[in-house]
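Everything below concerns the one structure shown next.
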Amino acid sequence: MKPWRALLLALALVGGLHAQALAPSADDPSVVHAALDAKAFAPEQIKVTVYLPPGYADKDAVHTRYPVLYANDGQDMAAVGLRDTLARLYAEHAIEPVIVVAVDMLTDRASGYGLSDRARRRSVVGGSRIGPIGSRAYEYSDWVATQLVPYVDAHYRTRADARGRTVLGWSLGALNAFNLGWEYPDVFSRVGAFSPSFWLAADRSTPQAVESSRLAQAMVDRAKERKPLRFWITVGGREETNDRNGNGVIDAVEDAQDFVEGVRLPDGTHARGLRDLGYRVDDSHGEHPSRDADVAFYVLDDGEHNQATWKRMLPPFLVWAYGTPAK
């Protein structure tokens, strides 16, 4: 029996989410496509693509288990060069083999990608020029953490614990990746955030109100203890021109810096950042931070808010997350 047929048979026999249109890619059986049920979003199904590492189907690998990278905005994987980047890094023996689960955005991207309060089982909604952001973020995040992850663990040879799982995203998808790690540290141990939308705020009435009510900052500030997570945060120096407080630093960069370092708010109070919670931050080695750091943060000076920039951010992130000992 061909490896991909055996894989489909296993998928049919093991319990989990109902899947339709489950099939390997026509040009590469190591790429499997599925459309999965998500009750909260019915009748819409969530499309998922699973990228299996080289050798996954080999007979001598049947007892090997692999870490898993969950990525938001799965429809962007070709644009950010995922497969080519993985192939190059594997050829260079720069990273260990990893299963990538790319989750396509919902039809209404702005409702699913956002922040949530797991304990209260609700979304934490912020405002924007296009309307509310994250109105269904709890439903989406909980589906990923409590339904998709068990489904993948049941169907593939994964390292089925938080230490084996990383979540990645860009823009609003990065905001949601932070949310998944922060609210579900029992599920994920690492977060990759490219150009994260840490600007999302509860009050957009004035620039000062935005700065004082940024929602991700508030989630860190009110944390009672440090959560067992590691972060890779990258932002481009040319993502925008907005500078709400006129200090010469664009908002995209400042929002990320404040999230990491903490900030004195317009009313004089201090909002804590990751460093204040005891995270060890490496912000001095650019795209080659210490792999021992809890937080790797750097600004890509000429980076913009687009897929071409996120394509450049992807290789160093993968080496940070999955680098072999020699790297």
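From most to least packed by mean Cβ count within 10 Å, the peptides 307-313, 116-122, 82-88, 93-99 give 307-313, 93-99, 82-88, 116-122.
How much length, in nm to one decimal, is gained on full extension between Glu44 and Lys224, taken as 0.36 nm per residue of separation minus their Cα-Cα distance? Numbers along the way, then the final one.
Values: separation 180, 0.36 × 180 = 64.80 nm, distance 3.73 nm.
Full extension of this stretch gives 61.1 nm more.
Pairs from the table (Lys224/Lys311; Lys47/Lys224; Lys39/Lys59; Lys47/Lys311) lying more than 32 angstrom apart at Cα are Lys224/Lys311; Lys47/Lys224; Lys39/Lys59. Excluding ligands, DNA and RNA, the accessible surface per residue across the range 275-325 is 46 Å² with a 1.4 Å probe. Would you mind working out the accessible area per residue for the range 144-218, using a 1.4 Å probe, and quoting it in Å²? Computed with neighbouring chains in place, this is 27 Å² per residue. How far is helix 82-91 tilted off the main Cα axis of the chain, in degrees rounded to 10, range 0 to 90? Roughly 70 degrees, rounded to the nearest 10.
Out of the total accessible area of the chain (probe 1.4 Å, heavy atoms of protein only), what percent is carbon and sulfur?
Numbers: 7390 of 14490 Å².
The C+S portion of the solvent-accessible surface of the chain is 51 percent.
Note on Ser284 and Thr241: their simple-model spin labels are 3.5 nm apart, each label 7 Å out from Cα toward Cβ. Rounded to whole Å, give me the distance from the Cα center of the range 227-262 to that of the range 35-53. One Cα centre to the other: 32 Å.
With a/c under 1.5 counting as rounded, go ahead and sort the range 225-282 into rounded, prolate or oblate using the C-alpha gyration tensor (a ≥ b ≥ c being the square roots of the eigenvalues; past the cut-off, prolate if a/b is larger than b/c, else oblate).
Values: a/c = 3.38, a/b = 1.36, b/c = 2.48.
Here the range 225-282 falls in the oblate category.
Take the Cα radius of gyration of the range 105-175 and divide it by 2.2 N^0.38 Å, N being the number of residues; the result is 1.21.
Checking the a/c ratio against 1.5 first, then a/b against b/c, what shape does the Cα gyration tensor give for the range 83-234? Prolate. In this structure the amide hydrogen of Ser116, modeled in the peptide plane, comes within under 5 Å of the amide hydrogens of Val124, none closer than 5 places in sequence on its chain.
Helix 307-322 and the longest principal axis of the Cα set of the chain meet at an angle near 70°. Debye-formula intensities of the chain, expressed as log10 I(q)/I(0) at q = 0.13, 0.15 Å⁻¹, are -0.94, -1.26 (one equal scatterer per alpha-carbon, no solvent). For the chain, the longest principal axis of the C-alpha atoms and the axis of helix 172-183 are separated by about 90°.
The distance separating the Cα centre of the range 155-212 from that of the range 292-327 comes to 16 Å. Counted residue by residue at 0.36 nm each, then reduced by the alpha carbon distance between them, the extension gain from Asp161 to Gln75 reaches 28.3 nm.
The values are calculated or read from the model by the stated rules, or taken from the named source; none is laboratory data. The shown structure was predicted, so the numbers you read here are calculated from the model rather than taken from an experiment. Glycine also receives a Cβ, built like all others from the backbone with ideal geometry; neighbour counts cover every protein chain displayed. Remember, those area values only see protein heavy atoms, side chains included, never the ligands or the DNA or RNA. Shrake-Rupley method; radii C 1.70, N 1.55, O 1.52, S 1.80 Å.
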